[in-house]
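One structure is given here, and the rest of the page talks about it.
Coordinate-derived values only; no laboratory data. Computed from a predicted structure; not experimentally measured. We place every Cβ from the backbone using ideal geometry, glycine too, and count neighbours over all the protein chains shown.
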Amino acid sequence: MTGAASAQARPTAQIGSSPNPVDQYTRPPFDRQTQAVPGLAGKMVPRPDHGETSYKGSGRLAGRKALVTGGDSGIGCAAAIAFAREGADVAIGYLPFEEADAAEVLALIRAEGRKAVAVPGDIREQAFCEAMVATAVRELGGLDILVNNAGAQQSVADLVDLTAEQFDTTFKTNVYAPFWITKAALPHLKPRASIIITASVQAFNPSANLIDYSQTKAANVAFAKSLAKQLGPKGIRVNAVAPGPFWTALQPSGGQSQDKLVTFGADTPLGRPGQPAEIAPLYMTLASAEAIYSSRQVFGASGGTGVD
Ligand code: NAD
Ligand code: MG
């Protein structure tokens, strides 16, 4: 992903500059491209921009310790890079298949002089979820920021073709795992900690082809709202982020049909998908004291569509 920016048409996003969001980055149509689940960002054309060259930190997470699930690629990768550039030590969870993507992120975190912890494994297993949290806490020396971001999405046009196996995988990955991970993390979280869960606009405006996925994302929103009420008195904030279409490995690895991938993001008012780098500042803000009075909220970044 270090070469990601070069594959983009106009990779001019800079903190402090004011690019036109319409002109920013590659616009559809995209080339047809398929990958096996879970997909690799490094094999996408164009490669996603995770902020590798553009994200500039200013110490807003100095000394914090973060665990980001699905931190190898896409939205989680962009958040992990931003956290490290803001001074945090970062552990990332990912599937062993994704080692190539993960290695690039881990190197970028270390390049900031921050500690980078790799925790490969399958979060559909409760035992791994608990082990991942234990490893992160041990290696980082505590935990302040938990980003439940890993997710599974497979497009199925007809409910009759939606298998129980897929339904189970989607719910295990998107709903059970955040429950298991957060439960394991809670004993380690102190006042000032921040929990973020990656939901989706699908929670509010579900697509016809994402029956199982959209239900899990609605569950993510309810999880954030409920847990925020429980943890508020303890000084722990919980928020959800609801992205619209983002150019990540999730999409060419079955998240969209090939026809929809070609025009991905074209139906937003900005006319293009977001790049992971464009949503990372939201995660950074929610993780930091900048958003100290925000909890139980759902924050969107969806190119002009909404979370309503
Ligand atoms: P991505 O494929 O880059 O990241 C998803 C990550 O989830 C993978 O990298 C993988 O490491 C992890 N993962 C999946 N199954 C796993 C398993 N069984 N065990 C361990 N890890 C597993 O794609 P992304 O779009 O950055 O996805 C991040 C989150 O954003 C997901 O929750 C997704 O639902 C959500 N989201 C994405 C979009 C979008 O358009 N890309 C829109 C709304 C919400
Ligand atoms: Mg990945």
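Can you compute the helix-only [θ] at 222 nm over the chain? Use -39500 (n - 2.57) per DSSP H run of at least 4 residues, normalise by all residues, nearest 500 deg cm²/dmol.
-9000 deg cm²/dmol
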(message) Using Cβ contacts closer than 10 Å as the measure, can you line up V307, V147 from fewest to most?
(response) V307, V147
(request) Distance between Cα centroids, the range 274-308 to the range 189-218: provide it in whole Å. (result) 13
(request) Go ahead and set up a Gaussian network model of the chain, Cα springs under 10 Å, then flag whichever of I145, I196, I292 fluctuates most. (result) I292
(request) Determine the alpha carbon to alpha carbon distance for each of K217/K260; K56/K183; K115/K225; K190/K225; K56/K172 and list only those over 24 Å. (result) K56/K183; K115/K225; K56/K172
(request) Would you mind telling me which residue in D161, D212, D101 has the biggest mean-square fluctuation in a Gaussian network model of the chain, where springs connect alpha carbons within a distance under 10 angstrom? (result) D161
(request) Could you please rank R27, R138, placing first whichever residue has the fewest other Cβ atoms within 10 Å of its Cβ? (result) R138, R27
(message) Over the range 136-224, what is the relative contact order in percent, taking alpha-carbon pairs closer than 8 angstrom and at least six residues apart?
(response) 40
(request) Could you check how many percent of all C-alpha pairs in the chain are farther apart than 29 Å? (result) 28
(message) Defining a contact as two alpha carbons under 8 Å apart and six or more residues distant in sequence, what relative contact order in percent does the range 217-308 show?
(response) 41
(request) In nm, give the distance between the simple-model label positions of R32 and Q230, each being 7 Å from the Cα along the Cα-to-Cβ direction. (result) 4.7
(request) Show which aspartates and glutamates lie in cross-link reach of K43 when reach means a straight Cα distance below 15 angstrom and same-chain residues fewer than eight apart are skipped. (result) D31, D72, E98, E99, D101, E104
(request) Assign one of three labels to the range 108-173, namely rounded, prolate or oblate, based on the Cα gyration tensor with a ≥ b ≥ c the square roots of its eigenvalues; rounded applies when a/c is under 1.5, prolate when it is not and a/b is larger than b/c, and oblate otherwise. (result) prolate
(message) Starting from the 7 Å offset along Cα-to-Cβ, what nm value, one decimal, do you get for the label separation of Q126 and K56?
(response) 4.8
(message) Residues of the range 258-283 with the amide nitrogen closer than 12 Å to a label point 7 Å from the Cα of D23, along Cα-to-Cβ, please.
(response) none
(request) Express the relative contact order of the chain as a whole percentage, based on alpha carbon pairs under 8 Å and six or more residues apart in sequence. (result) 21
(request) Could you give the size of the charge dipole of the range 185-256 about its Cα centre, using +1 on the Cβ of each K and R and -1 on the Cβ of each D and E, expressed in debye and rounded to the nearest 20? (result) 480
(request) Identify which of Y25, Y283, Y293 has the largest mean-square fluctuation in a Gaussian network model of the chain, with springs joining Cα atoms closer than 10 Å. (result) Y293
(message) Which of the three applies to the range 36-138, rounded, prolate or oblate, going by the alpha-carbon gyration tensor with a ≥ b ≥ c and a/c under 1.5 meaning rounded?
(response) oblate
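I need S194, S257 ordered by Cβ neighbour count within 10 Å, fewest first.
Ranked by crowding around the Cβ, least crowded first: S257, S194.
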